[in-house]
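The values are calculated or read from the model by the stated rules, or taken from the named source; none is laboratory data. For clarity, every value in this text was computed on a predicted model and none was experimentally measured. Methodologically, a virtual Cβ is constructed for each residue, glycine included, from the backbone with ideal geometry; neighbour enumeration extends over all protein chains shown. Side chains are part of the model used for accessible areas, which takes the heavy atoms of the whole protein and leaves out ligands, DNA and RNA. Shrake-Rupley method; radii C 1.70, N 1.55, O 1.52, S 1.80 Å.
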Amino acid sequence: MQERIQMTDLKAQYTAIKPEIDTAIQSVINETSFIQGKPVSLLEEEVARYCGVKFAVGVASGTDALVLALTALGIGSQDEVITTLFTFIATAEAISRVGAKPVFCDIDPDTYNINPDKIVEKITPRTKALLPVHLYGMPCQMDKIMAIVKEHKLKLIEDCAQSFGSEYKNKKAGTFGDCGCLSFFPAKTLGCYGDGGMIITDNDEVAQKAKILRNHGSGKKYYYGVHGFNSRLDTLQAAILRVKLKYIDLWINKRIENAKYYDELLPGSVRGIGPEYKHTFNYFTIRIKDNKREEVQNRLKEKSIDSAIYYPLCLHLQEVYKNLGYQAGDFPVAEQAQREVLGLPMYPELTKAQIKQIADTIR
Ligand SMILES: *Cc1c(COP(=O)(O)O)cnc(C)c1O
């Protein structure tokens with residue numbers, strides 16, 4: 001039996017930086033400042049600098065980053081938020097959580113991101129915001145999205161859970177609109193050792209509101225102005241992330257190299273990426289046509305190669321969104337993607353020999 005190739009290999013990454021990580025963890029324990037300790041504010045400064053924004057607010061998860069951002073922007077019941085239906089549930093879940101209604105929009109077949117040409121027809125007098133997702137690490141067409149946002153005076157929240165470090169026209173994902181929401185879930189490009197997230201923004205008011213919301217609605221200790229959340233980023237996670245942030249560009253470059261090699265061996269896998277896009281490949285996704293996906297997955301499995309489907313059921317067809325009244329066939333591009341996409345192993349430490357083996361099996 002050959003060694004299994006996983007979707008991501010967190011152990012390999014930890015092994016490479018073990019002394020630094022262990023020291024960082026031990027120092028938090030020595031200080032016992034587990035909640036809102038110094039590493040949290042230091043990480044916030046570092047991420048803000050990395051992304052080129054004024055503020056970053058650490059929270060408990062990427063999902064909470066979305067919920068707190070929507071809340072800080074005043075989005076709630078009676079409001080509609082236009083988003084993609086080809087994403088992780090958390091994107092729409094956050095909209096529903098604040099009492100607003102997610103309005104789904106079909107995707108672009110090459111990039112799997114929201115199709116900006118189909119957004120305008122979804123706008124109603126109730127539309128308050130757009131919530132695009134830079135899926136798999138691929139930035140959305142931000143010029144077109146910004147034009148819509150300006151013309152219709154909408155708020156813009158970017159879901160950057162899969163796109164840490166991604167860029168459109170040399171500007172980081174998450175910095176185009178009112179705020180960007182990051183996830184530090186372990187499998188993301190910049191992942192911690194548990195749950196974590198962050199809101200990045202240039203808007204002072206949004207940053208201040210998010211800081212109050214994450215801490216039970218309290219600006220001053222034991223005085224509460226609004227209903228808040230318990231949603232802080234753990235000091236331990238912040239300390240781990242500060243170590244990992246130093247290596248992130250190196251790791252992103254390796255992901256990009258790996259994607260190039262995949263694309264050489266499986267031509268046409270990577271599509272729709274003009275020079276204005278920096279795709280950071282949190283996930284590497286190919287399409288398997290003619291109902292052969294299951295067969296391909298089985299062949300990979302025989303060779304101990306993992307694969308995964310992001311995502312097997314579009315959000316408009318999920319049980320939880322039955323009440324929205326959508327039907328199969330409403331979003332043909334995304335529904336075809338749900339039948340054809342296949343995610344392959346992707347992480348910085350993946351070797352060329354492993355990629356070759358995966359590609360050979362698929363071919
Ligand atoms: C992972 C993810 C989230 C949620 O992040 P958590 O940190 O797991 O809460 C939100 N949106 C997208 C697109 C994601 O991939």
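Of all residues in region 202-231, those satisfying the criterion of being among the charged types (D, E, K, R) and touching a strand residue (DSSP E or B) at 6+ places or on another chain (Cβ under 6 Å) are LYS211, ARG214. Which pairs have Cβ atoms under 9 Å, sit 6 or more apart or on different chains, and link a residue in region 186-204 that is without any contact (Cβ under 8 Å) to a residue 60 or more places away in the chain and more than 9 Å from the ligand (Cβ to nearest atom) to one that is in a loop (DSSP other than H, G, I, E, B) and open to solvent by 20 Å² or more (accessible area, probe 1.4 Å)? Note: pairs meeting the criteria are CYS192/PHE185; CYS192/PRO186; TYR193/PRO186; GLY194/PHE185; GLY194/PRO186. There is no residue in region 57-65 that is more than 16 Å from the ligand (Cβ to nearest atom), open to solvent by less than 10 Å² (accessible area, probe 1.4 Å), in contact (Cβ under 8 Å) with a residue 24 or more places away in the chain and in the same structural domain as ASP178 (by TED's automatic domain parsing). Scanning region 199-216 for residues that are part of a helix (DSSP H, G or I) and open to solvent by less than 70 Å² (accessible area, probe 1.4 Å) returns VAL206, ALA207, ALA210, ILE212, LEU213, ARG214. Entry remark, region 81-107: residues being charged (D, E, K, R) and within 16 Å of the ligand (Cβ to nearest atom) number 2 in total. Looking only at residues of region 293-310 that are more than 15 Å from ILE355 (Cα to Cα) and among the polar types (S, T, N, Q), we find that the one that is surrounded by the most Cβ atoms within 10 Å (Cβ to Cβ) is GLN297.
Results for (1) within 19 Å of LYS260 (Cβ to Cβ); (2) without any contact (Cβ under 8 Å) to a residue 40 or more places away in the chain, shown as yes or no for each residue.
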site: ILE309; (1), (2): no, yes
site: LEU317; (1), (2): no, yes
site: GLN327; (1), (2): no, yes
site: VAL333; (1), (2): no, no
site: MET346; (1), (2): yes, no
site: THR351; (1), (2): yes, yes
site: GLN357; (1), (2): yes, no
site: ILE362; (1), (2): yes, no
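When we screen PRO132, PRO116, PRO139 for residues that are within 11 Å of the chain's Cα centre (by Cα), open to solvent by less than 10 Å² (accessible area, probe 1.4 Å) and over 21 Å from ILE89 (Cβ atoms), the only hit is PRO139.
Return the residues of region 205-220 that are hydrophobic (A, V, I, L, M, F, W, C) and in contact (Cβ under 8 Å) with a residue 40 or more places away in the chain; say none if nothing qualifies. Residues satisfying the conditions are VAL206, ALA207, ALA210, LEU213. When region 27-47 is limited to residues that are of a type in the set (Gly, Ala, Ser) and not in a helix (DSSP H, G or I), the one that is most open to solvent (accessible area, probe 1.4 Å) turns out to be SER33.
The set of residues in region 66-97 being part of a loop (DSSP other than H, G, I, E, B), hydroxyl-bearing (Ser, Thr, Tyr) and open to solvent by 30 Å² or more (accessible area, probe 1.4 Å) consists of SER77 alone. Scanning region 127-148 for residues that are in contact with a Lys or Arg (Cβ under 8 Å, 6 or more places away or on another chain) and either away from the ligand (no atom under 16 Å from the Cβ) or closer than 15 Å to PHE281 by Cα (or both) turns up LYS128, GLY137, PRO139, MET142, ASP143.
Count of region 250-285 residues, restricted to those that are in a helix (DSSP H, G or I), farther than 24 Å from ASP360 by Cβ and under 17 Å from the mean Cα position of the chain (by Cα), is 2.
Could you list, in sequence order, all residues of region 1-26 that are in contact with a helix residue (DSSP H, G or I) (Cβ under 7 Å, 6 or more places away or on another chain) and in a helix (DSSP H, G or I)? Within region 1-26, TYR14, GLU20, ILE21, ALA24, ILE25 meet the criteria. In the set (1) polar (S, T, N, Q); (2) open to solvent by 40 Å² or more (accessible area, probe 1.4 Å); (3) within 24 Å of the chain's Cα centre (by Cα), the condition left unmet by GLN327 is number (3). Inside region 149-171, residues that are touching a Lys or Arg at 6+ places or on another chain (Cβ under 9 Å) and away from the ligand (no atom under 12 Å from the Cβ) make up a count of 8.
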